[in-house]
1. How many percent of DSSP beta bridges within segment B:87-137 run antiparallel, rounded to 5?
2. I want the local charge near B:K113. Using Cβ-Cβ distances under 9 Å, sum +1 for each Lys or Arg and -1 for each Asp or Glu among the other residues.
3. What does the charge dipole of chain B about its Cα centre add up to, to the nearest 20 debye, if the Cβ of each Lys and Arg holds +1 and the Cβ of each Asp and Glu holds -1?
4. Just checking the output field for A:104-116: average partner chain Cβ neighbours within 10 Å of each residue's Cβ?
5. For the protein assembly as shown, what does -39500 (n - 2.57) per DSSP helix run (n ≥ 4), summed and divided by total residues, give at 222 nm, in deg cm²/dmol to the nearest 500?
6. Just how large is the dipole of segment B:87-137 about the Cα centre, in debye to the nearest 20, putting +1 at every Lys and Arg Cβ and -1 at every Asp and Glu Cβ?
7. Local charge sum around B:E96 (other residues, Cβ-Cβ under 13 Å, Lys/Arg +1, Asp/Glu -1)?
8. Cut-off under 19 Å on the C-alpha distance; same-chain residues fewer than 8 positions from B:K17 excluded. Which aspartates and glutamates are left, in chain and number order?
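Computed from the coordinates by the stated procedures, all read-outs in this text should not be read as laboratory data. Being a predicted model, the structure only gives us computed values, none of them experimental. Counting neighbours? That spans all protein chains shown, and the Cβs are built from the backbone with ideal geometry, glycine included.
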2 protein chains.
Amino acid sequence: MKGVEEILQQHSLKNTKLRKAVLSVLMRSDKGLSHQDLSRSLEVDFDRVTLFRTLHVFEESGILHKIMDPHGIAKYAYTAKPVTGKHCHAHFICLECGQVFCLDEEFPLEEVKVPKGFSKKTIDVQIKGYCNKCAAQS
Amino acid sequence: MKGVEEILQQHSLKNTKLRKAVLSVLMRSDKGLSHQDLSRSLEVDFDRVTLFRTLHVFEESGILHKIMDPHGIAKYAYTAKPVTGKHCHAHFICLECGQVFCLDEEFPLEEVKVPKGFSKKTIDVQIKGYCNKCAAQS
DNA sequence: AACACAACGCAACAGAGTTGCATTTAAATT
DNA sequence: AATTTAAATGCAACTCTGTTGCGTTGTGTT
Ligand SMILES: [Mn+2]
Ligand SMILES: [Mn+2]
Ligand SMILES: [Zn+2]
Ligand SMILES: [Zn+2]
């Protein structure tokens, strides 16, 4: 597992307190985290706008990928293996607690048929249901 | 193709101007429409809150299904064949113009593997790329 | 140490969606 | 046709996510 500072350098991003903190939290998380989630769990002081901009930059750089939950809230997850566009792993979204999990399973984009003239770029698969904790309670 | 008033009756929903107008527009549309899209294309007078509530009610009744676009905007589409949960058709989302199209292709939920203790309810597949008009222009 | 540009903090803003409550209306009942 | 009632509506105020502009600070480089 690569170090936080090394990753920032590789993407020509300046090494700041917030960036290191955000990346550190997300690399340790097995779930996608929202702006609000991160606000709560970050130790350092920061401005909310700066966090939005940090997440954008990380997404554009391909360090994070963004998943939209059913309420339209963006969740971000660390991208361990770079997304090529040909393969995309699926996400599990809990209908009870809203948590987003990256699944191992991948879906092939080539096989999907689209109308004439349409060009495919990415495929995004969301499985919705109840996570282990929420399924146990109900 | 069933009539608008008939559908409302079957779901025990009162037959109002706005509901008839919304359903009528969406049944004719081959694309998912947002609150804003509908606001623009509806002929009748209505309050924006009422339209939000109308869309919620239609979704809960299974008359419409909701698709989240990459900007977190909800788009609604008429559900011709009722969704059983076992099958779910995919959606194409244009990265340029943001339009949402229902695709014919269906994906089987059973085959997807999820972690121990997780229970699956629905599968949601989004293909992103460029629609025929936007692909032609670039 | 000096420099340049990227990143930051702050304030103000935009837009989607929600909540509470009083008023109206569809549709059932008489 | 008049009465009744629960459902639907309209309005105002609000919450929350995300954005924009701009002056200030800080990282990385020379
Ligand atoms: Mn993921
Ligand atoms: Mn659809
Ligand atoms: Zn859960
Ligand atoms: Zn398009």
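1. That works out to approximately 60 percent antiparallel.
2. Residues near B:K113 contribute -3 overall.
3. Result for chain B is approximately 260 debye, rounded to the nearest 20.
4. 3
5. Calculated from helices alone, the mean residue ellipticity at 222 nm is -9500 deg cm²/dmol.
6. 260
7. Charge balance near B:E96 sits at +2.
8. Here the aspartates and glutamates satisfying the reach criterion relative to B:K17 are B:E5, B:E6, B:D37, B:E43, B:D45, B:D47, B:E59.
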